[in-house]
Amino acid sequence: MYEKHLMICGATGCLSSNSGKVKEALEAELARRGIKEKYRLVMAGCVGFCEVGPIIVIYPDEVFYCRLKPGDMAELVEKHLIGGEVVERLLYTSPDVEVPGRFYDTIPFYRKQVFNVLRNSGIIDPEIIDEYIMRGGYRAFSRALKMERPQICDEVKRAGLRGRGGAGFPTGMKWEFTMIAPGEKKYVVCNADEGDPGAFMDRSILEGDPHAVIEGMLICGRAIGADEGYIYCRAEYPLAIKRLRIAIAQAEEYGLLGENILASGFNFHLNIKEGAGAFVCGEETALLASIEGKRGMPRPRPPFPAVSGLFGKPTCINNVETFANIPLILREGGVEEFASIGTESSKGTKVFALAGKIRNTGLCEVPMGITIREVIFDVGGGVQGDREFKAVQAGGPSGGCIPAELLDLPIDYDSLTKAGAIMGSGGLVVMDDRTCMVDLARYFLSFTQKESCGKCIPCREGTKRMLEILERICDGSGEPADLDTLESLAFSIKDSALCGLGQTCPNPILSTIRYFRHEYEEHINEQFCRAGVCKALFQYYIDPETCIGCTRCARVCPVSAISGEKKEVHAIDQSLCTRCGSCVEVCPKNSIQITRVRRKADVSS
Amino acid sequence: MGNQAEGSALNGELDLSQVDALVEPYLDKQGVVIPVLQKIQEHYGYLPRPALERAARRLRIPLSRLYGVATFYAQFKMMPRGRNIIRVCKGTACHIQGGSKIAERIEEILKIKVNETTPDMKFTLEEVACIGACALAPVMMINDEPHGRLTPDKIKKILASYE
């Protein structure tokens, strides 16, 4: 028997901040003291709070340690594991918390969260099926085995679950269409091709709780009458793929996958397909083409995959998070419980990835209907460095920006769409006054332009033309007519592109023009980028009032454009400055400021 | 370009007998093109043309189809790559935290552009859509090692630690 379980967050965020080394140091310390067998160390799934990683949660004490370094492990073992006292120094602290946070209830980041989809992440060992089963896993599936097919679809419909991948189509209806489609052979496909930059929800679910997705797919297979499934996962997610493989092998060993499952006569086989890096494969018909081994190009619908999908057979495609919700709905009383959370049109919870200029970056799960303000300021802790909140980008390259005046908007599918953004898969990227909205639109367009598959002309040519205009504006050669041209191009692409990705790629432009038109106008008419991003449209100067002559900026400047004696005010030679911003990063007094570019005429006078 | 010279030299010594073994498990199956290309790339580090020709013959799939698929997906490389692969994240979070400055600085130091390899085959510089380590933006990966919370002036030291 173990005295304590130590859950070390082993998700990509914490691994990147060195949780592997922390685990090694902990193991070495336990071995040195000869007490290794008393404690169980688990590389667990995502705990969510990436900002303060690496994280260890100790059970049953429920103590949350964060920002750990390998050198902290000796003290942790000595004081907590042996001495039984909490190491205050390693607890979560923040300016807005009076009592250092011990566990989820006291840490503001966790207070408004509801753990449904992430119910097991960070709590179980994702590589051991028994731990999933102990937490009620596969119970919903065995219940579904005893139900009639239409009854299963009906429960999913009544719960009000909508697709978590972007468009929010009612899941139960999709299942029903596939169920009634004629055909002996049918497929279940899980879309794990999470391609939106700034989004890592699906990866965290797969890494932290792979069996929840498998169980969801099994229930779907049972409901629609499919005997085979595919999980299409990005090859860039090696850990997720590894854990899925382990989970599938264990489920097969337990007779939960394969022939005649639990002696019910139901057969189901599951395959993993590794994607090869193409954003367009997130679109369902392109994804199916890719599984078939072709170029991942979309095709017109109808026929919808429910009628003619993978290899021409009826196919039900859902996203990772959608499947992970299914076991909750299909358990006894699950429908009512699921539908009790959320708004009229959007039920349940949604997992969001918080990133950008937000204090608490990480993964969170919140009830639908919560306001954007609560997510950004209560869960997310507000803007980094207390700078001014400018906007939040929701839905990636298909989504849009939500400005400060809409912070009290409740998060549900319809209100986000109305505001010009989309729920998308759940990436929320926060921007402050140093983010240029024109540059942001240019960034997204350069992404969609590169990723456009080239099949239809509106997307292939339209993204190129829109990108050219945006680049011109960012370079300072924008023309007053550009805004109208952009808008009219954007609307024609929305109307005429072949697939969902093409139709939504103008969204970042339309929403930034809608809410930040003045920034575009400033770029075009005044050649000024107030955020200090578009290099041709601003220059740096050193504020003589606040400069203390510490010389840091001069030392860090890669082109030696800054001069000045120690303890004297420094100056920037504009003819050398490349506006790389290195000086801004190191200035302790915030003395490096942005100003309009002085024209030649002004300089010579 | 140094790359091409290097590439053709490698092609000269290419052991193609491996291709048959790599392709073997996929004969007479459907939807095999991507996994076959992934296997070939795993073995050779990129997709050498002679290997594709041989695989196409074995699989009885036109070379044009293999080529069409290979050039469609970002994962597949048609040129040999360096010993160390630098992947600079181009995700939204990294972009607004100054990610483009990171790639620029690497380009300056290594004197190559994105998707190029240094003449000594030490580094290949690539960009990826998102690594998913947004909390540590801006981020890059060198081989399988992530480096986070980067600033341009940290780059030189990091690159120097690779052989």
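The values are calculated or read from the model by the stated rules, or taken from the named source; none is laboratory data. Quick caveat, the model's predicted, so the values are computed rather than measured. Heads up, the Cβs are rebuilt from the backbone with ideal geometry, glycines too, and the neighbour counts pull from every protein chain shown.
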- Output the qualifying pairs, or none if there are none: Cβ atoms under 9 angstrom, residues six or more apart or on different chains, first residue in region A:393-407 and under 16 Å from A:Gln503 (Cα atoms) and within 11 Å of another protein chain (Cβ to nearest Cβ), second residue of a type in the set (D, E, K, R) and part of a helix (DSSP H, G or I). A:Pro397/A:Glu451
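So in region A:408-440, with the set limited to residues that are polar (S, T, N, Q) and within 14 Å of chain B (Cβ to nearest Cβ), which one is farthest from A:Gln593 (Cα to Cα)? Spell out how you get there, then give the answer.
Of region A:408-440, the ones polar (S, T, N, Q) are A:415, A:417, A:425, A:435.
Next, only the ones that are within 14 Å of chain B (Cβ to nearest Cβ) stay: A:425, A:435.
On the way: A:Ser425: 37, A:Thr435: 15 Å.
In this case the residue turns out to be A:Ser425.
Restricting the search to region A:247-297, which residues are aromatic (Phe, Trp, Tyr) and either assigned to a loop (DSSP other than H, G, I, E, B) or touching a His at 6+ places or on another chain (Cβ under 6 Å) (or both)?
The answer is A:Tyr254, A:Phe266.
Test of understanding: among A:Val366, A:Val335, A:Val351, which residue is in contact with a helix residue (DSSP H, G or I) (Cβ under 7 Å, 6 or more places away or on another chain), of a type in the set (A, V, I, L, M, F, W, C) and crowded, with 24+ Cβ neighbours inside 10 Å? Spell out the reasoning first.
Working: A:Val366 fails: crowded, with 24+ Cβ neighbours inside 10 Å; A:Val335 fails: crowded, with 24+ Cβ neighbours inside 10 Å.
Answer to the selection: A:Val351.
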- Residue list for region A:165-181, filter: touching a residue at least 24 places away in the same chain (Cβ under 8 Å) and not basic (Lys, Arg): A:Gly165, A:Gly166, A:Ala167, A:Gly168, A:Thr171, A:Trp175, A:Glu176, A:Phe177, A:Thr178, A:Met179, A:Ala181
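Report whether or not A:Lys390 is free of Cβ contacts under 8 Å to residues at least 60 places away in the same chain and within 13 Å of another protein chain (Cβ to nearest Cβ). Before you say what the answer is, go through the steps one by one.
Details: free of Cβ contacts under 8 Å to residues at least 60 places away in the same chain: yes; within 13 Å of another protein chain (Cβ to nearest Cβ): yes.
So A:Lys390 fits the description; yes.
Among the residues of region A:109-150 satisfying the criterion of being closer than 30 Å to A:Thr93 by Cβ and either free of Cβ contacts under 8 Å to residues at least 24 places away in the same chain or basic (Lys, Arg) (or both), which is surrounded by the fewest Cβ atoms within 10 Å (Cβ to Cβ)? Talk me through it step by step, then tell me what you get.
Taking region A:109-150 first, the residues closer than 30 Å to A:Thr93 by Cβ are A:109-126.
Still in the list and also either free of Cβ contacts under 8 Å to residues at least 24 places away in the same chain or basic (Lys, Arg) (or both): A:111-112, A:119.
Details: A:Arg111: 12, A:Lys112: 15, A:Arg119: 19.
Within region A:109-150, the match that is surrounded by the fewest Cβ atoms within 10 Å (Cβ to Cβ) is A:Arg111.
Look through A:Ile219, A:Ile214, A:Ile261, A:Ile224 and report the one residue that is buried (at least 24 other Cβ atoms within 10 Å of the Cβ), of a type in the set (Val, Ile, Thr) and more than 28 Å from the chain's Cα centre (by Cα).
When all the criteria are applied, what remains is A:Ile224.
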- Message: assigned to a loop (DSSP other than H, G, I, E, B), within 13 Å of chain B (Cβ to nearest Cβ), under 27 Å from A:Tyr443 (Cβ atoms) and at pLDDT below 95: is that true of A:Ala167 in this structure?
- Response: no
- Hey, among the residues in region A:38-85 that are surrounded by fewer than 14 Cβ atoms within 10 Å (Cβ to Cβ) and either without any contact (Cβ under 8 Å) to a residue 12 or more places away in the chain or on the phi > 0 side of the Ramachandran plot (or both), which one's farthest from the chain's Cα centre (by Cα)? A:Gly83
- In the list A:Lys418, A:Lys450, which residue meets the criterion of being farther than 30 Å from A:Leu161 by Cβ and modelled with pLDDT under 95? A:Lys450
- Query: When you look at A:Thr371, is it in contact with an Asp or Glu (Cβ under 6 Å, 6 or more places away or on another chain), among the hydroxyl-bearing types (Ser, Thr, Tyr), more than 13 Å from every other protein chain (Cβ to nearest Cβ) and more than 16 Å from A:Ala355 (Cα to Cα), yes or no?
  - Reply: yes
- Among (1) more than 21 Å from A:Phe528 (Cα to Cα); (2) of a type in the set (A, V, I, L, M, F, W, C); (3) touching a residue at least 40 places away in the same chain (Cβ under 8 Å); (4) surrounded by fewer than 19 Cβ atoms within 10 Å (Cβ to Cβ) - the single one A:Leu501 does not satisfy: (4)
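Filter the helices (runs of 4 or more DSSP H) completely within region A:521-605 down to those with at least 3 residues that are more than 28 Å from A:Ala481 (Cα to Cα) and under 37 Å from the mean Cα position of the chain (by Cα). Please lay out each step first, then the result.
Details: elements: A:552-556, A:582-586, A:600-604.
Passing ranges, in order: A:552-556, A:582-586.
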